[in-house]
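The values are calculated or read from the model by the stated rules, or taken from the named source; none is laboratory data. Since the model is a prediction, treat every value here as computed from it, not as a measurement. Because the Cβ atoms are built from the backbone with ideal geometry, glycine has one as well, and the counts that use them run over all protein chains shown. To get the accessible areas, we keep the full protein, side chains included, count just its heavy atoms, and leave off ligands, DNA and RNA. Shrake-Rupley method; radii C 1.70, N 1.55, O 1.52, S 1.80 Å.
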Amino acid sequence: MSLVVYNTLTHKKEVFQPLEKNKVKMYVCGPTVYNYIHVGNARPLVFFDVVYRYLKFKGYEVIYVRNITDIDDKIIQRAQEEKKSASEIAHIYTQAFEGDIKTLGIEAPTYSPKATEHIEEMIQWIQVLLKKGYAYEVQGEVLYSIDKIKFYKLSKKNPEELLAGARVDVAGHKKNPGDFVLWKPSKPGEPSWESPWGAGRPGWHMECSVMSTKYLGEAFDIHGGGRDLIFPHHENEIVQSESYTGKPFVKIWIHNEMLSFGKEKMSKSLGNIITIHEFLEKYPSDVLKFILLSNHYRSLLEFSEQAICEAIGSLEKIYKTLLQAQEQLKEKSSGQEIPSKEMKEIVTPLWKKFEEAMDDDFNTAQALGALFEAVRVMNHAFTSRAPWGNEGRKILKEFLEAVRNIGKIWGLFEQAPNDFFEHLRTKLLHRVSVSRQEIEALISERLKAREDKNWKRADEIRKELQKNKILLEDTPTGTTWKVQI
Ligand code: AMP
Ligand code: ZN
């Protein structure tokens, strides 16, 4: 099966063919480290992690670069507000970012270059752009001149059309409002590097052109990021990189749609954010990944209480089915019972259906649909058949194997089911007003009441806990509890 990917550059789905056989070179714009990252930022992180894992599964050797923007106006502003140096702020939030990424279970890219470690190369690029006549200097500032640009490659619009609709910083010394900064002089007290144009720092777009080509070469396969980066960031990256190298920059541009919160894009500047740190204090990381992957990456996604509850419900259902399948396999085979037609038609081809959906522009939503179909059929089988025969057990194994492999690519379902349930109930305690000790004391009291055949008290306890949104479940190995969602 061949992989098909939507390319923002051509506005259509294309059969994926890397520039070099069996090798994929991919760059994704990383965070600007001036604050904790939010759940919107998690969308590209999680999605491109899945792309990375899936391409490796397909047999490609993947070189994946995700940068860290550790010098920027927003970092300087934050440093001034907090009376710290810009490098301290960058250090604090880089550490926080790395901690969040680890808790989210996102694989480390091949390289995570930092902008401040590539200033020399950026200066060299700017010198070449000046020499080639694409840039000009005014009072210590170097700007790229968009005069020769007929149209931007991603949006297929000419500069006037695009700039008319965008808020552009019209500095008096710009020859054209669309000209963008390659090098910017620093004010006293701001971080700066010596350059032929005086002390200053590079522009944001320059960072990504320099770091991507340094690690991946002048032309590479995939460049990714959120849609909000298309203009001006990615358009300007293309313009300056192609001026510098004289070659087409990137073959495939992949952009994720935005995550919104209360109908607006979740963004640090709008202040409507939930940080990943806050979210992961309250919920397991699987919940966030599940919300993000249950929608196609090019669809708008609204983050809400309802989305959180639905994701929890779905995860519980999947993990419960996994647990039942594992338990069932421990039982002895009946030797002869025959699996249903549905089991053969829906559960056995689960992995194939997963691959088909992922091959169609990483359609995680469709793949999840196939998984839920299999879960439904398995649950039906658990209620209607016992004991299981050899053929049924084969299907149980196929189901477990397929979910394990899906989990490896999505970075999900990696815990043992009972560990997941324990993790979930611990996290969800923030939603109720009873403590774990109180719950456990009441469960012990109920057990005692049941031993004494005091059914009335046992029932009272169940109801009392239920009033507090704690649901009890009696299993052959004891009583467990969960927080009602
Ligand atoms: P920033 O730190 O704002 O430059 O964003 C880092 C990455 O997160 C970029 O790829 C952005 O496109 C992406 N991003 C920011 N906000 C959102 C959002 N609300 N939904 C999806 N992606 C986002
Ligand atoms: Zn970038």
For the chain, with only Lys/Arg (+1) and Asp/Glu (-1) charged at the beta-carbon, what is the dipole magnitude about the Cα centre, in debye rounded to 20? 840
Length-normalised contact order of the range 4-282, Cα under 8 Å, at least 6 apart, in percent, tallies to 25
For residue 117 and residue 331 in one chain, what is 0.36 nm times their gap in residues minus the Cα-Cα distance, to one decimal in nm? 71.2 nm
Global geometry of the range 385-473, whether rounded, prolate or oblate, following the gyration tensor of its Cα atoms and the 1.5 cut on a/c: oblate
So residue 366 and residue 155, fully extended at 0.36 nm per residue minus their Cα-Cα distance, gain in nm 73.2 nm
Stokes-Einstein D for the chain, Kirkwood Rh over Cα pairs, 4 °C, 1.567 mPa s (µm²/s): 51
Taking 0.36 nm per residue of separation between residue 227 and residue 83 and subtracting their Cα-Cα distance, the length gained on full extension comes to 48.5 nm
State to the nearest 20 debye the size of the charge dipole of the range 1-146 about its Cα centre, where the only charges are +1 on K and R beta carbons and -1 on D and E beta carbons. 720
Among the lysines, select those whose C-alpha is under 23 Å from the C-alpha of residue 332, and discard any that sit fewer than 8 residues away in the same chain. 320, 341, 344, 394, 397
Per residue solvent-accessible surface (Å²) - the range 166-274, probe of 1.4 Å: 40
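So how strong a dipole does the range 364-485 carry about its Cα centre when Lys and Arg Cβ are +1 and Asp and Glu Cβ are -1, to the nearest 20 debye?
Approximately 200 debye in magnitude.
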Projected onto the charge dipole of the chain (+1 at Lys/Arg Cβ, -1 at Asp/Glu Cβ, origin at the Cα centre), which of 314, 301, 245 gives the Cα projection farthest towards the positive end? 314
Under 1.5 on a/c is rounded, so check that first for the range 432-483, then, if it is not, pick prolate when a/b is larger than b/c and oblate when it is not; a ≥ b ≥ c are the square roots of the alpha carbon gyration tensor eigenvalues. prolate
I'd like to verify something in the chain: which complete DSSP H helices, judged by Cα projection on the helix axis, reach 20 Å or more and average at least 0.5 on the Kyte-Doolittle scale? 42-57, 364-384
Using Cα centres only, tell me the gap between the range 77-150 and the range 312-376 in whole Å. 45
Could you give the distance between the Cα centres of the range 407-485 and the range 1-48, to the whole Å? 41
Where in the range 138-247 are there trypsin sites (Lys or Arg not before Pro) that are in a DSSP coil and have at most 13 other Cβ atoms within 10 angstrom of their Cβ? 150, 156, 167, 175
Can you classify the range 304-416 as rounded, prolate or oblate using the Cα gyration tensor, where a ≥ b ≥ c are the square roots of its eigenvalues, rounded means a/c under 1.5, and otherwise it's prolate if a/b beats b/c and oblate if not? prolate
Using a Förster distance of 30 Å, how high is the FRET efficiency between residue 302 and residue 463, based on the Cβ-Cβ distance and rounded to 0.05? 0.25
For the pair residue 263/residue 451, report the inter-label distance in nm, with labels modelled 7 Å from Cα in the Cβ direction. 5.8
Asserting the computed 222 nm helical MRE of the chain (DSSP H runs at least 4 long, -39500 (n - 2.57) per run, divided by residue count, to nearest 500) equals -15000 deg cm²/dmol
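How many percent of DSSP beta bridges within the chain run antiparallel, rounded to 5?
For the chain, the DSSP antiparallel bridge percentage is about 55.
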Counting only protein heavy atoms with a 1.4 Å probe and every protein chain in place, the carbon and sulfur fraction of the accessible surface of the chain in whole percent equals 50
